[in-house]
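Enquirer: Take a look at this one; I'll ask things after.
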Amino acid sequence: MSSNTSFKRWHFIHTWSSLICTVFLLLLCLTGLPLIFNHELDDLLGNHIAAPEMAPGTPPAALDKLAEQARTHRPGEVIQYMIWERGEEETATLVMAPRPDTHPDSTQSLVSDTRSGAVLGQPPSRGLVFILLKLHTDMFAGLPGKLFLGFMGLLFVVSIVSGAVVYGPLMRKLDFGAIRRRKGRRLRWLDIHNLLGAATLVWVMVVGLTGVVCTLADVLLTAWRNDQLAEMVAPYKNLPPPSHLASLDVSVASARAATPGMVPSFIAFPGTNFSSGHHYAIFMRGDTALTSNLLRPVLVDAESGQLTESRELPWYVTAVLVAKPLHFGDYAGMPLKLMWAALDLATLAVLGSGVYLWFARRGQSRRRLEMLHAKAAPPLAVK
C-alpha cells in the first residue's frame, strides 16, 4: 500500500469519525465545563448547605442519631445511603426514599451536621447542576443514553488517533505549530485546528477514555453485584429479612476494625443497589489524597452488627472509581480544575474549527467542480 493511499484512508477515518461524534462532543464539552466547578457552582447558586461554626474539637454525634433525625424529618421513608464528602467532615448527606430500591432520580437528599446530628437542610433535587450532569452523563435517556455517549466517546478516541496519524505528514513541510496567516482563511484555520489538536492530544485521550469508562459504570457495577457481591452474601440467600436494624455505630466500628487506616466513605443500607437485603455495605476509603478514591466494601450483618466479609473490589470497578475524578479534574484542587477548563475550551475550538474546515472544503470542492463544468461547456454560437 502506498503512503498516499494510507494517508487518504486515515484522513477519511479522521474526517467521518470526527463528524459523527462532533455534535455530542460539543454537548459534552459545554456541559462538562461548568461541571468541573460543580461545588463552586452550588455555592454560587446558594445550594450548598454548610455546617454552623462550633468550638474546635467538638466530638461527632452518634451515627444512630443522624439516622433518627433524618427519619423524623421525612417520616415514612427509609435511608438508602449515608455519605461523607471528602473535605467536608462536618456534614453528612443522607439519601431518603420511599423504598430501599427506589430509583436515584426519585430520591431526596438531606444534609446533616455530624457533630449535633441535626438536619441542616434539604438541597434542591432538580437544580442546574443536576440538569447539567444528566445531560452530560445520559442525556436524560438512562442506560441507553450512557451507552450511546460511550460509543460517541470511542469514536472520539478513533478521531484523535487518526488525527495524530494525519498530522505528521501534513507538518513535514512546516515547522511545528506554524500558522500560515497569508494563505487564506481555510489554511489558517487548518493550522490552528492542527496546533490545538496536537497541544491537547494527551488530555483529550485521558478525558475521552475515562469518559467511556464512566459510561460503563452501571454495567460494571451490575457485574460486580452479580459476581463478587452475590458470593459474599450467598449464606444469607434463604434467610428472612432482618427483624430490626443493628446500631450504625456498632456496624461502622466493625468495619473500621477490619480495615485499619481507612475511613468510611458511604454506607449502603439493606436492600439498596450496593448492598443486600441483610447487610450494611460500608465502603471504606483511604485517608490520603492518593487513596481517597479507592474503596473497599465491608459487609456487616444488618441485624447483629458483626462483620460478614470484606474483599478488594475487582479491577474494573476500581477503574470506574479512578476514572470519574480524573475525568472532571477533581484530584488536585483549583489549579487542576483551571487547567481542565482551559483544555476544555481548547477542545471546543478544535471541534468548532473541524466543522468549519469540513464545510469550507465542501464549498471549495463545489466551486472547483463548477469551474470545470464551465470550462468544459461548448461556447455559444455567434450568429
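Enquirer: Quote to one decimal, in nm, the extra length available between Asp227 and Val263 on full extension: 0.36 nm per residue of separation minus the C-alpha distance between them.
Expert: 10.4 nm
Enquirer: On to the next question. Return the distance in nm (one decimal) between the two label points of a simple spin-label model at Ala164 and Ala141, each offset 7 Å from Cα along Cα→Cβ.
Expert: Each label point lies 7 Å from its Cα, and together they span 2.9 nm.
Enquirer: Also, quick follow-up: Let me check against my output: what whole-number percent is the relative contact order of segment 25-169, with C-alpha pairs under 8 Å and at least 6 apart?
Expert: Once normalised by length, the contact order is 23 percent.
Enquirer: When we measure straight from the Cα of Lys337, which aspartates and glutamates land under 14 angstrom away, once same-chain ones fewer than 8 places off are left out?
Expert: Glu40
Enquirer: For the pair Val23 and Tyr331, how long in nm is the line joining their label points, each one 7 Å along Cα→Cβ?
Expert: 3.4
Enquirer: Something else about it: Tell me, what is the FRET efficiency for Arg361 and Asp249 to the nearest 0.05, using R0 = 45 angstrom and their Cβ-Cβ distance as r?
Expert: After rounding, the FRET efficiency stands at 0.10.
Enquirer: In degrees, nearest 10, range 0 to 90: what is the angle between the Cα axis of helix 142-170 and the longest Cα principal axis of the chain?
Expert: That helix lies at roughly 40 degrees to the long axis.
Enquirer: Multiply the residue separation of Val322 and Phe12 by 0.36 nm, subtract the distance between their alpha-carbon atoms, and state the gained length in nm to one decimal.
Expert: Here the segment from Val322 to Phe12 would lengthen by 108.2 nm.
Enquirer: Considering only DSSP beta bridges where both residues belong to the chain, give the percentage that are antiparallel (nearest 5).
Expert: About 100 percent, rounded to the nearest 5.
Enquirer: Relative to the longest principal axis of the C-alpha atoms of the chain, give the angle of the C-alpha long axis of helix 128-137, reported between 0 and 90° and rounded to the nearest 10°.
Expert: 60
Enquirer: At Ala234 and Asp43, where each label point lies 7 Å from the Cα along Cα→Cβ, what is the point-to-point distance in nanometres?
Expert: With each label point 7 Å from Cα toward Cβ, the separation is 4.9 nm.
Enquirer: Report the relative contact order of the chain, percent, no decimals, based on alpha-carbon pairs under 8 angstrom and at least 6 residues apart.
Expert: Value for the chain: 18 percent.
Enquirer: Next question, about the same structure. I need to check one value: relative contact order of segment 296-363, counting alpha carbon pairs closer than 8 Å and at least 6 residues apart, in percent.
Expert: It rounds to 15 percent for segment 296-363.
Enquirer: Further, regarding this structure: Pairs to check: Lys134/Lys324; Lys146/Lys324; Lys237/Lys324. Give those whose C-alpha atoms are more than 22 Å from each other in this structure.
Expert: Over 22 Å apart, Cα to Cα: Lys237/Lys324.
Enquirer: What does the charge count around His279 come to, taking other residues whose C-beta lies under 14 Å from its C-beta (Lys +1, Arg +1, Asp -1, Glu -1)?
Expert: Neighbourhood net charge equals -1.
Enquirer: Distance between Cα centroids, segment 108-160 to segment 67-90: provide it in whole Å.
Expert: 19
Enquirer: I would also like to ask the following. Rounded to the nearest 0.05, what FRET efficiency is calculated for Ala341 and Glu85 with R0 set to 25 Å and r the Cβ-Cβ distance?
Expert: So the FRET efficiency works out to roughly 0.70.
Enquirer: Hey, another quick one. Given a Förster radius of 22 Å and the C-beta distance between Arg99 and Thr72 as r, what FRET efficiency does 1/(1 + (r/R0)^6) yield to the nearest 0.05?
Expert: Given R0 = 22 Å and the Cβ-Cβ separation, E is 0.75.
Enquirer: Oh, and also: Relative to the longest principal axis of the chain, what angle (0 to 90°, nearest 10) does the C-alpha long axis of helix 63-73 take?
Expert: On a 0 to 90 degree scale, this one is about 80.
Enquirer: For the chain, report the accessible area per residue in Å² (1.4 Å probe, heavy atoms, rounded to an integer).
Expert: Per residue, the chain has 55 Å² of solvent-accessible surface.
Enquirer: Same structure, new question: Ignoring ligands, DNA and RNA, please state the percent of accessible area on the chain from carbon and sulfur, probe 1.4 Å.
Expert: 64
Enquirer: Next up: Once the other residues with Cβ under 14 Å from the Cβ of His14 are scored (Lys, Arg +1; Asp, Glu -1), what is the net sum?
Expert: Here the count lands on +3.
The values are calculated or read from the model by the stated rules, or taken from the named source; none is laboratory data. Everything numeric here is computed off the predicted structure, so don't read it as measured data. Using ideal geometry, Cβ is built from the backbone for each residue, glycine included, and neighbour counts are taken over all protein chains shown. Accessible surface areas use protein heavy atoms only, side chains included; no ligands, DNA or RNA. Shrake-Rupley method; radii C 1.70, N 1.55, O 1.52, S 1.80 Å.
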